[in-house]
Ligand code: TXA
Ligand code: MG
């Protein structure tokens, strides 16, 4: 088990030494290392068991610092940053050479985010380097939304977990890139597309792909529980089957043991559903059931990102 606590000096010392620290963010917990230190970045890939073709997001605490790492910050990106940073928004921007190629898997653009979490912002303010941080889960597994999730999976591989409580948003950031005057959403996430469109107008959704080199991490199969996992438009109970766990949107199924069911939001509130998604998937994965059946949520606002995660979990 890794030491867990809220000691910012310790977190900073560990990172300065080139070692890794799990960090809280408002989206999910990250596995962080000095983004300018190739050895630290390499160990992120190793600990996560992540393929080197899947690039990392860098995190910092001000636009001034971002300007040290990117060579261009187009007008639309600026408007998004003004409106949504700190927050669950990642921008793909052309990188400066200080960012090692390892971070971007050789791509010319770097993914940047200013996260909205008080403890993390405090830590980032004390550092003179950005933090490269993928979600702190083994590659392909469900993302962690609290310190215990991180400890359960990566605890024996990292020296320190900075505990910032539960991640409020609960799903990863929305990734936005800019190409030939087009704004492209590469990954649906914790910032709703509607909110983005209100600020900069129409955007293009990048279809899921497991082969497009521009978005190597948009792998079709991801976020997957270990149990067999099935996605349905509408779930009906498999009569008296104690071997099945259910992930439901806003109400329990009748005639099924409540212990085998998780309801994302009894008020059909999308924020709450997103907040609970990964924690409930994990709980279902540890129940004595053989398979998990989930239902799609209504396809608006964060529901689009929730369905995206469920779809990828089912693609396993
Ligand atoms: O909310 C989040 O974004 C969390 C927290 C920790 O900040 N981080 C996160 O990182 O979800 P990760 O590594 O699990 O997912 C990052 C995604 C990957 O799918 C990767 O392919 C994509 O971002 N990405 C990173 N850099 C990229 C780049 N230069 N071009 C295209 N996609 C990139
Ligand atoms: Mg991830």
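The values are calculated or read from the model by the stated rules, or taken from the named source; none is laboratory data. Just so you know, these numbers come straight off a predicted model, no measurement behind them. Positions of Cβ are backbone-derived with ideal geometry, glycine not excepted, and every protein chain shown enters the neighbour counts.
Looking at 176, 150, 98, 169, can you tell me which residue is under 23 Å from residue 14 (Cα atoms) and either buried (at least 22 other Cβ atoms within 10 Å of the Cβ) or within 16 Å of ligand 2 (Cβ to nearest atom) (or both)? Just a single option satisfies the conditions, and that option is 150. Residues that are within 16 Å of ligand 2 (Cβ to nearest atom) and either farther than 17 Å from residue 173 by Cα or surrounded by fewer than 19 Cβ atoms within 10 Å (Cβ to Cβ) (or both) within segment 110-140 comprise 138, 139, 140, listed in sequence order. Going by what's in this entry, would residue 247 be described as at pLDDT 95 or above, surrounded by 13 or more Cβ atoms within 10 Å (Cβ to Cβ) and assigned to a strand (DSSP E or B)? It is true that residue 247 is at pLDDT 95 or above, surrounded by 13 or more Cβ atoms within 10 Å (Cβ to Cβ) and assigned to a strand (DSSP E or B). Every test in (1) surrounded by fewer than 21 Cβ atoms within 10 Å (Cβ to Cβ); (2) assigned to a loop (DSSP other than H, G, I, E, B) is passed by residue 197 save one, and that test is (2).
So which of 58, 119, 44 ends up being assigned to a strand (DSSP E or B), within 23 Å of residue 10 (Cα to Cα) and either within 14 Å of ligand 1 (Cβ to nearest atom) or at pLDDT 95 or above (or both)? Show your work before the answer.
Values: 119 fails: assigned to a strand (DSSP E or B); 44 fails: assigned to a strand (DSSP E or B).
Going through 58, 119, 44 in turn, just one is assigned to a strand (DSSP E or B), within 23 Å of residue 10 (Cα to Cα) and either within 14 Å of ligand 1 (Cβ to nearest atom) or at pLDDT 95 or above (or both): 58.
Here residue 107 fulfils each of the conditions (1) assigned to a loop (DSSP other than H, G, I, E, B); (2) surrounded by 16 or more Cβ atoms within 10 Å (Cβ to Cβ); (3) within 16 Å of ligand 2 (Cβ to nearest atom) apart from (3).
Name every residue in segment 135-157 that is touching a strand residue (DSSP E or B) at 6+ places or on another chain (Cβ under 6 Å) and in a loop (DSSP other than H, G, I, E, B), in order of residue number. Passing the criteria: 136, 143.
Look at (1) outside any helix (DSSP H, G or I); (2) in contact (Cβ under 8 Å) with a residue 60 or more places away in the chain; (3) crowded, with 23+ Cβ neighbours inside 10 Å; (4) out of contact with any strand residue (DSSP E or B) (no Cβ under 7 Å at 6 or more places or on another chain) and you find that residue 297 fails only one, number (2).
Within segment 158-189, restricting attention to residues that are in a loop (DSSP other than H, G, I, E, B) and modelled with pLDDT under 95, the residue that is farthest from ligand 1 (Cβ to nearest atom) is 181. Here residue 204 clears all of (1) in contact with a strand residue (DSSP E or B) (Cβ under 6 Å, 6 or more places away or on another chain); (2) surrounded by 13 or more Cβ atoms within 10 Å (Cβ to Cβ); (3) modelled with pLDDT of 95 or more except the condition numbered (2). Within segment 15-26, is there a residue that is outside any helix (DSSP H, G or I), surrounded by fewer than 24 Cβ atoms within 10 Å (Cβ to Cβ) and without any contact (Cβ under 8 Å) to a residue 60 or more places away in the chain? Yes.
Of the residues 98, 103, only one is within 9 Å of ligand 1 (Cβ to nearest atom) and in contact with a helix residue (DSSP H, G or I) (Cβ under 7 Å, 6 or more places away or on another chain); which?
Numbers: 98 fails: within 9 Å of ligand 1 (Cβ to nearest atom).
Selected residue: 103, the only one of 98, 103 that is within 9 Å of ligand 1 (Cβ to nearest atom) and in contact with a helix residue (DSSP H, G or I) (Cβ under 7 Å, 6 or more places away or on another chain).
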